[in-house]
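A short write-up of the structure that comes next.
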Amino acid sequence: MADKYQNEFGGFAEKPKVPKKFYDLKYILLGLVIFFGLVFSPILPNLGKIVAAPSPNLDTPAILKLAKKDRQCVMPTPYMRTYHMQLLIDWREAAIRHGNREFISPTGKKFVANLSDTCMGCHSNKSKFCDQCHNFAAVTPNCWGCHLDKEQKVAKGGAK
Ligand code: HEC
Ligand code: HEC
Ligand code: HEC
């Protein structure tokens, strides 16, 4: 009796036995495989890959020409690593707005505040130096549409 529906008038028909069936299972599974395949497809090619840390190259003629103890940047390396973009803006500000193109480093060395000649004079290997880090960090300074580096003789139209 327990499996029969009842009310005050008596019993209803027996509870119908509906077969437990998963309709269209293969289409559903196929759909799920395609769905998750698409969702994860952007990640799969890079799974488990490690992008090597950039190694900016310092072997340029201008730097190799310096005596070992003079192989230094215009500011100490940790400062340059962190603040070179700010220093460049400061140089631009000083040179263009205030007409002061002389930069004296903490060690007392004099430099001309100039991107193409001073920075790129020593770092003449832009693609192996600046670009190494910038590609890694996905930054594209737009300076090279106007300023030349030592690797390109004509300014590029676009960014980078
Ligand atoms: C639209 C063109 C243009 C772009 C882009 C540009 N500059 Fe300049 N920049 C100039 C011009 C023109 C001067 C003036 C040159 C002079 O009088 O010596 C200048 C001067 C400078 C100077 C001082 C002197 C010199 O020639 O180096 C610095 C430093 C400088 N820019 C840095 C930068 C940096 C860093 C960027 C990228 C973030 C940049 N500029 C992007 C056009 C540009
Ligand atoms: C006299 C040559 C010279 C000039 C000019 C120069 N650099 Fe350097 N730079 C060096 C040397 C040498 C080092 C590496 C110092 C060391 O071994 O610690 C360096 C290091 C750096 C680093 C750090 C690299 C790293 O491995 O972390 C950055 C960033 C940098 N320079 C950017 C610049 C910029 C931007 C300018 C212009 C404002 C500039 N440099 C001007 C010679 C120079
Ligand atoms: C040690 C790694 C490293 C080296 C070498 C390096 N950069 Fe950078 N640079 C960075 C990083 C990281 C940023 C982005 C910082 C941020 O967005 O806060 C950056 C940002 C900049 C910016 C500002 C870009 C913007 O759109 O705001 C300029 C300009 C720049 N770098 C110029 C140079 C030049 C010129 C050289 C070569 C002489 C150079 N950098 C070498 C790591 C490096």
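The values are calculated or read from the model by the stated rules, or taken from the named source; none is laboratory data. All values reported here derive from a predicted model rather than from experimental measurement. Cβ sites come from the backbone with ideal geometry, for glycine too, and all protein chains shown count toward neighbours.
Of the residues that make up segment 19-27, is at least one more than 31 Å from the chain's Cα centre (by Cα), assigned to a helix (DSSP H, G or I) and either in the same structural domain as residue 127 (by TED's automatic domain parsing) or among the small types (Gly, Ala, Ser) (or both)? No: segment 19-27 contains no residue that is more than 31 Å from the chain's Cα centre (by Cα), assigned to a helix (DSSP H, G or I) and either in the same structural domain as residue 127 (by TED's automatic domain parsing) or among the small types (Gly, Ala, Ser) (or both). Within segment 104-127, count every residue that is surrounded by 13 or more Cβ atoms within 10 Å (Cβ to Cβ) and more than 15 Å from ligand 3 (Cβ to nearest atom). Here the count works out to 1. Return a yes/no flag: does segment 81-97 have any residue that is among the small types (Gly, Ala, Ser), at pLDDT 90 or above and exposed (fewer than 11 other Cβ atoms within 10 Å of the Cβ). No. Taken over segment 28-71, the residue count meeting the criterion of being within 30 Å of residue 125 (Cβ to Cβ) and either part of a loop (DSSP other than H, G, I, E, B) or touching a His at 6+ places or on another chain (Cβ under 7 Å) (or both) is 15.
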